[in-house]
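Chemist: Take a look at this one; I'll ask things after.
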Amino acid sequence: MQAQGYIADTYRRFPVTLVRGAGTRVWDDMGREYLDFVAGIAVCSLGHCNPQVIKAAQAQLERLVHVSNLYSSQPQMELAALLCRHSFADRVFFCNSGTEAVESAIKLARRRGHNLHGPDCYEIICLEGSFHGRTLASLSATGQPVYQRGFEPMMPGFKHVPLNNPHALKRGVTCRTCAILLEPIQGEGGVRIATDEFLQTARDLCDEHDLLLMFDEVQVGMGRTGSLFAYEQTPVTPDVMCLAKALGNGLPIGAMLAGETTMSHLTPGSHASTFGGNPVACAAAVEVVKTMLSNGFLQRIREHGDYLQQGLTAIAAQHSDKVKEVRGRGLIQAMEFHNPMPDLALKLLERGILAILSHDTVLRLIPPLVITRDEIDLLLKTLQEIL
Ligand SMILES: *Cc1c(COP(=O)(O)O)cnc(C)c1O
């Protein structure tokens, strides 16, 4: 479509226009069908156009679309209660995206640091290779210079240390530190998993120095790893957690969760969002959370994730000249190659499968969580043929 020429050229787009989706499939404007291993980047976890989510959103759309956060809203209260009852948290701040959830966590950490330890306590330790979003604060937290280039100066108050290096993390803490921010599994950075030892060190440091441990679960929260939240499969519990992506199954919503005492540092008037916790997005998200908590849903993700990982590992064994490693948890799985594979995603697309790579070397598979075994087999067979 020529109308593409009117849109800012900020994405390297695939040469297709998608017009329709159902479950694990999407169709382009030529009527071609694709099996989706991207899910809108880990967003449409219950499948495209999930009937229950649509029904919930539609009912809310007809009742009340928007109210100011100066008034209470029922879907928002229901969603907050659900999220808190099933996590460590007592309070939720709603926003519209992942980057805003991280931004909210950064503001909370600074405010708490100022309140408890004075105005010099503002530094946040982040990890190399991390991704936290594109606003200036979340971009400053992001540990990938490639995204920051040309937008300097970055915001002060962020320090980056290598992933899975407990000693570097320890050395990073000073009297200025107010928080440690990390993804339990780096998504955008190439499905790099934080080790239990590293996470335990982070938790111990936070306890010892009165810092906030903040998990960015924007990509790996909401069922992706086979538990409602990724931290549940680690030895630690964070103090703050950021959610977005799959929370609304495609409707834009983000959330920043914390315990009562922690969140009390954000007092009335200190932070806000016009659209945050929009009733329609919240009604959809309530349906998402309820579905994920229903019988067998999360266990199925772990089983299918293991099945996908075994299949990828078998392919890796046959192509050890090309494949460096297979790794992941639940339904975020990756195949890392020795060399860049710039055409791999396009080759999969030509064969009817949507998939993406991180930095051209890591195939990142993040299908809708309702993917079937047969569909996983199709991906494995196609990948095998291409390699
Ligand atoms: C996608 C992502 C973000 C940014 O979310 P947006 O909704 O694109 O702003 C932040 N953190 C992580 C871990 C992400 O994967």
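Chemist: Mind listing whichever residues of the range 189-238 are within 16 Å of the ligand (Cβ to nearest atom) and on the phi > 0 side of the Ramachandran plot?
Modeler: Gly190, Val191, Met222, Gly223 - these are the residues of the range 189-238 that are within 16 Å of the ligand (Cβ to nearest atom) and on the phi > 0 side of the Ramachandran plot.
Chemist: Which residue out of Ser97, Ser104, Ser87 is open to solvent by less than 80 Å² (accessible area, probe 1.4 Å), among the hydroxyl-bearing types (Ser, Thr, Tyr), within 16 Å of the ligand (Cβ to nearest atom) and in contact with a Phe, Trp or Tyr (Cβ under 9 Å, 6 or more places away or on another chain)?
Modeler: Step by step, each of Ser97, Ser104, Ser87 is checked, and only Ser104 is open to solvent by less than 80 Å² (accessible area, probe 1.4 Å), among the hydroxyl-bearing types (Ser, Thr, Tyr), within 16 Å of the ligand (Cβ to nearest atom) and in contact with a Phe, Trp or Tyr (Cβ under 9 Å, 6 or more places away or on another chain).
Chemist: Exactly one condition in (1) touching a Ser or Thr at 6+ places or on another chain (Cβ under 6 Å); (2) not in a helix (DSSP H, G or I) is not met by Ser138; state its number.
Modeler: (2)
Chemist: Can you work out which of the residues in the range 239-266 that are within 12 Å of the ligand (Cβ to nearest atom) and part of a helix (DSSP H, G or I) is nearest to Ala281 (Cα to Cα)?
Modeler: Gly248
Chemist: Then there's this: Quick one: which residue in Gly330, Gly254 is under 23 Å from the mean Cα position of the chain (by Cα), in contact (Cβ under 8 Å) with a residue 60 or more places away in the chain and within 21 Å of Gly190 (Cβ to Cβ)?
Modeler: Result of the check over Gly330, Gly254: Gly330.
Chemist: Listed residues Ala89, Ala57; which is assigned to a loop (DSSP other than H, G, I, E, B) and touching a residue at least 40 places away in the same chain (Cβ under 8 Å)?
Modeler: Ala89
Chemist: Right, here's the next one. Can you say whether Glu123 is in contact with a Lys or Arg (Cβ under 6 Å, 6 or more places away or on another chain) and touching a residue at least 40 places away in the same chain (Cβ under 8 Å), as far as the supplied structure shows?
Modeler: Answer is yes for this residue.
Chemist: Any idea how many residues of the range 287-314 are hydrophobic (A, V, I, L, M, F, W, C) and open to solvent by 10 Å² or more (accessible area, probe 1.4 Å)?
Modeler: 4
Chemist: For the range 64-79, give me the residue count where each residue is free of Cβ contacts under 8 Å to residues at least 24 places away in the same chain and in a helix (DSSP H, G or I).
Modeler: 1
Chemist: Among the residues in the range 15-37, are any on the phi > 0 side of the Ramachandran plot and either of a type in the set (Ser, Thr, Tyr) or in contact with a Lys or Arg (Cβ under 9 Å, 6 or more places away or on another chain) (or both)?
Modeler: No.
The values are calculated or read from the model by the stated rules, or taken from the named source; none is laboratory data. What you are looking at is a predicted structure, and each value in this text was computed from that prediction instead of being measured. Note that each Cβ is placed from the backbone with ideal geometry, even for glycine, and that neighbours are counted across all protein chains shown. Just so you know, the surface numbers come from the protein's heavy atoms only, side chains and all, with ligands and any DNA or RNA stripped out. Shrake-Rupley method; radii C 1.70, N 1.55, O 1.52, S 1.80 Å.
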